[in-house]
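What follows is a short report on a single structure.
The values are calculated or read from the model by the stated rules, or taken from the named source; none is laboratory data. Because the structure is a prediction, the values reported are computed rather than measured. Quick reminder, even Gly has a Cβ in these numbers, built from the backbone with ideal geometry, and neighbours come from all protein chains shown.
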C-alpha cells in the first residue's frame, strides 16, 4: 500500500480541478508534465477533461488530449467530456474530442442524447458526421 497524501498535497490536487474549470491551461499542464495523472478525477468521477469541456475551455481540452486524457471516462452521472462539450455547444471542443476518438454514443447521458434532448441540431450534425 502506498503512502497517504498529506492535507496540503490533497489541497494541491483539488486545486487542479479548479484550474481545469477555469481554463488555466499552462498551470494545469505544468502539473501534468511534472507527473500528476492526466486522468485525475473528482470523487464524483469528473476528470480534468470533463471539467474543462463542461466549462468551455477548448485550449485546455486540447492540451489534456495532447497529454493522453481518456475520452472514454464516464462520470458518476453517465456523462463524458464529449457530452459536456455538446451541452456547452463548444464546436472547438467537440471537434477536438471527436478527432481524439471520443464516442458520441458512450455513457448513459451520451453526447448524442444531449444533442437530441436539448434540440441542438448543429451539435447533432457534428456528432453524426463523425460516425
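Condition first: crowded, with 24+ Cβ neighbours inside 10 Å and closer than 12 Å to residue 118 by Cα. Now tell me which residues in segment 85-97 satisfy that. Residue satisfying the conditions is 86 alone. Looking only at residues in segment 1-23 that are surrounded by 11 or more Cβ atoms within 10 Å (Cβ to Cβ) and more than 21 Å from the chain's Cα centre (by Cα), the one that is modelled with the highest pLDDT is 9. Being at pLDDT 95 or above, under 15 Å from residue 46 (Cβ atoms) and either surrounded by 21 or more Cβ atoms within 10 Å (Cβ to Cβ) or in contact with a strand residue (DSSP E or B) (Cβ under 9 Å, 6 or more places away or on another chain) (or both) is the requirement here; does residue 127 meet it? So residue 127 fails the test.
I'd like the full set of residues that are loosely packed, with under 11 Cβ neighbours inside 10 Å and on the phi < 0 side of the Ramachandran plot, limited to segment 34-53. Answer for segment 34-53, where residues must be loosely packed, with under 11 Cβ neighbours inside 10 Å and on the phi < 0 side of the Ramachandran plot: 34, 43, 44. Within segment 73-103, the set of residues being in a loop (DSSP other than H, G, I, E, B) and either within 21 Å of residue 25 (Cα to Cα) or touching a helix residue (DSSP H, G or I) at 6+ places or on another chain (Cβ under 8 Å) (or both) comprises 73, 75, 79, 80, 88, 89, 90, 100, 102, 103. Residues in segment 104-117 that are in contact with a helix residue (DSSP H, G or I) (Cβ under 7 Å, 6 or more places away or on another chain) and under 12 Å from residue 84 (Cα atoms) were compared, and the one that is surrounded by the most Cβ atoms within 10 Å (Cβ to Cβ) is 111.
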